[in-house]
Amino acid sequence: MASLALSFRKLSLFFRTTRVISCQESCAVLSRSFFSTHIVGDEPILVRDFIHSALYDANHGYFAQRSRSVGVMERSIKFNQLEGRKAYMRYLDKIYKQSDTSWFTPVELFKPWYAHGIAEAIMRTANLSVPLKIYEIGGGSGTCAKGIMDYIMLNAPTRVYNNMTYTSVEISPSLAEIQRQTVGEVRSHQSKFSVECRDAVDLSGWGEVKEEPCWVIMLEVLDNLPHDLIYSENQVSSWMEVWVEKQLDRESLVELYKPLQDPLIKRCVEIVNFNENDQAKSSLLSKAKGIWSRAFPKPRKCWLPTGCLNLLEVLHRVLPKMSLIASDFSYLPDVRIAGERAPLVSTKAHGSSSDYESYLDAKGDADIFFPTDFLLLEQIDHYCSGWLKLHGDKPKTGKKRRTIILDTSSFMEEFGLPSKTRLKDGYNPLLDDFKNTKFYLSVPTHNIKNPNTISLEVEQIPNRWLGLDGDDH
């Protein structure tokens, strides 16, 4: 049985019997319906483009092939009626066997309480004297949107609910329709909710810059964003970017290494190096690592969250006063693919999951999901907001954002209602199971003097919650 820590998004992994698929075996399995020519043409492509196609291509991508990959629960779980952990696990096992789905998201498993916690965080932090605008990236089944709107309808002043707008940016047409149906169950929500079926990374889809404050929600989005891969022959050699190309047999794929030249990769490498140097601070440990690397050189690989960088660059450009709530994996156990921040590549068939040894074996039949380095996410957020400038000759612009990284249990204890997900014996799966997941919250710190201009009041966030004592973290 997989570790409980892995269960947050792909909770079906609770019940999997995991085995590793070798390269030879995967080629034999995939040859019947998935061919490398579907993804890689005659010219090499960057790793991020390979991953994007393997996951999102409309014809052969994983999410297109798995139309029922995101499950919708017919009714909420009555946690208080379950005796304990074993009863809870049996109940989940029964749900998964009855439903033809790959996973239930946490917002689905813990509805409505998970969404209510997020809504409470927004209400406690936002300036509710102005219209509340919420965007959700990748809204799934619409359960989060409905839960948040339900909570605001019942707990916020009437004018807040009446004037609010909730926009879901969803790349999947089928999920977009499910979201409309889910939220539309409450008639008064319909005029306030809309779905824009598009890729959130496409700048043109956003239209003009929106100057008003807003909230952006991203739940289990970062883990499926495309990443790039860089390679170095040893610890002291320069990094090279990795491309994917066909072998001469035209059916198998290999990696191709080129000097760093892609602008997005170079920006991400710069941020990663800044983050690492900022943590090292020329410590004795850093110096010792340098000596060791020269004495015992070995190849190294590093996965870069270029998809995250690209998305945040777009969001900060079109929503300059946005506040952000994101949650995802902070680490993944049992990853077999090489490299720092490497993904788990997993497929599910007949109730059991199998992991691939190489990301190149994922050709539309496997989920590819990455852990999130939340400290690096914070640096990317500051960089995209305009505060963090990596070159000394460029002045900083704007003010540093207020950010906080919280364990899921800490977030839910602060903003949610943990008593609603507690079992009879005291076991609480919402607080006790998800040790490898975190929440990231980020709000702008600028205050607009013009009273006619809307702004978020960051002072409404208590320093205790931010972990600050007068320090502009």
Within the stretch 162-180, residues in a helix (DSSP H, G or I) and open to solvent by less than 40 Å² (accessible area, probe 1.4 Å) come out as Leu175, Ala176, Gln179
Name the residue that is farthest from Leu225 (Cα to Cα), counting only residues in the stretch 45-73 that are open to solvent by 30 Å² or more (accessible area, probe 1.4 Å) and at pLDDT 90 or above. Ile45
What residue, among those in the stretch 114-148 that are surrounded by fewer than 23 Cβ atoms within 10 Å (Cβ to Cβ) and free of Cβ contacts under 8 Å to residues at least 60 places away in the same chain, is nearest to Glu177 (Cα to Cα)? Met123
Hits in the stretch 196-206 (condition: farther than 26 Å from Thr403 by Cβ and open to solvent by less than 50 Å² (accessible area, probe 1.4 Å)): Arg198, Gly205
Exactly one of (1) among the hydrophobic types (A, V, I, L, M, F, W, C); (2) modelled with pLDDT under 95; (3) outside any helix (DSSP H, G or I); (4) open to solvent by less than 30 Å² (accessible area, probe 1.4 Å) is unmet by Leu248. Its number? (4)
For the stretch 181-195, what are the residues that are surrounded by fewer than 16 Cβ atoms within 10 Å (Cβ to Cβ) and touching a residue at least 12 places away in the same chain (Cβ under 8 Å)? Gln181, Glu185, Val186, Ser188, Ser194
Selection within the stretch 196-232 - touching a residue at least 60 places away in the same chain (Cβ under 8 Å) and in a helix (DSSP H, G or I): Leu203, Trp206, Leu222, Asp223, Asn224
Every residue from the stretch 309-329 that is open to solvent by 10 Å² or more (accessible area, probe 1.4 Å), assigned to a loop (DSSP other than H, G, I, E, B) and not basic (Lys, Arg): Pro320
Members of the stretch 330-369 found to be of a type in the set (Asp, Glu) and crowded, with 17+ Cβ neighbours inside 10 Å, listed by number: Asp355, Asp361, Asp365, Asp367
Go through (1) free of Cβ contacts under 8 Å to residues at least 12 places away in the same chain; (2) among the charged types (D, E, K, R); (3) open to solvent by less than 30 Å² (accessible area, probe 1.4 Å) and name the single condition Arg159 misses. (3)
Within the stretch 251-290, residues at pLDDT below 60, of a type in the set (Ser, Thr, Tyr) and within 27 Å of Cys308 (Cα to Cα) come out as none
Would you please name the residue that is most open to solvent (accessible area, probe 1.4 Å), looking only at residues in the stretch 401-448 that are more than 30 Å from Pro320 (Cβ to Cβ) and aromatic (Phe, Trp, Tyr)? Tyr427
Of everything in the stretch 81-137, what is in a loop (DSSP other than H, G, I, E, B) and within 18 Å of the chain's Cα centre (by Cα)? Give them in sequence order. Ser102, Phe104, Thr105
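The values are calculated or read from the model by the stated rules, or taken from the named source; none is laboratory data. All values derive from a computational prediction rather than experimental measurement. Note that each Cβ is placed from the backbone with ideal geometry, even for glycine, and that neighbours are counted across all protein chains shown. Note: areas computed on protein heavy atoms with side chains; ligands, DNA, RNA excluded. Shrake-Rupley method; radii C 1.70, N 1.55, O 1.52, S 1.80 Å.
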